[in-house]
Amino acid sequence: MIATMVIAACAGEGDGTADGTTTVPAMAPIDDGTWFAFVTVGEDESGAMTLGVDLAEMLTGEQARAEAVADGVIGEGEDLPNDFYIDNDEQVLELVQVAEDARFTLISGNDTSESVVVDGPVLAEIYAGTHTGEPVYGIVPGMPIPMDVIIVDGLVSGATAVYLP
């Protein structure tokens, strides 16, 4: 299920503020590996590029249908229209720095069977809505991007956009 993105601090690392908001730790660790997530693009206080990574689980087939039924999204006898379900009951945005040589594979806006590979600054432009180059599919400026994120040595080394019909 795709739900509203909530920024939450990791236990013990963020502090509540007087106005009731929660501060987010500068960097929250995610184990090395490839993770499906909803991604936002920003920078930390030093100006280094970061991704806000909200880990989720992409399910398909019977597992997806069963989880959607369990979550009350569809009824017992119903099928999922696109045979996938995104389980993201607890939205937590982890801030992860991006490696300088990171590359991001996006879906071409001219032909969705083609890929477009960009670096971090171009991804930031696309996310901000200021990019004037080749169009990309499925990225709405300022909205989380579904991606398979690769983390190596605690840094984002790259990510691939996930096609969601």
Handout entry: residue 22 polar (S, T, N, Q), farther than 21 Å from residue 123 by Cα and at pLDDT 90 or above
Key = no
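Looking at region 66-129, what strands (runs of 3 or more DSSP E) fall wholly within it and have at least 3 residues that are crowded, with 17+ Cβ neighbours inside 10 Å and at pLDDT 95 or above? Step through it out loud before you land on a result.
On the way: elements: 84-87, 94-107, 115-119.
The strands (runs of 3 or more DSSP E) meeting that bar are 94-107.
Regarding residue 149, is this residue at negative phi and either of a type in the set (Lys, Arg) or part of a strand (DSSP E or B) (or both)?
On the way: at negative phi: yes; either of a type in the set (Lys, Arg) or part of a strand (DSSP E or B) (or both): yes.
Yes; evaluated as a whole, the condition is true for this residue.
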Handout entry: Checking residue 41 against (1) without any contact (Cβ under 8 Å) to a residue 24 or more places away in the chain; (2) surrounded by 14 or more Cβ atoms within 10 Å (Cβ to Cβ), the condition it does not meet
Key = (1)
Fill in the blank from the handout: Considering residues that are polar (S, T, N, Q) and within 24 Å of residue 155 (Cα to Cα), the number found within region 98-137 is 2
Completion exercise
Expected output for region 134-146 (first residue in the same structural domain as residue 124 (by TED's automatic domain parsing), partner surrounded by 11 or more Cβ atoms within 10 Å (Cβ to Cβ) and among the charged types (D, E, K, R), Cβ below 8 Å, 6+ apart or cross-chain) is 144/54
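The values are calculated or read from the model by the stated rules, or taken from the named source; none is laboratory data. Since we're looking at a predicted model, the values are computed, not measured. Ideal geometry is used to build each Cβ from the backbone, glycine not excepted, and the neighbour counts take in all protein chains shown.
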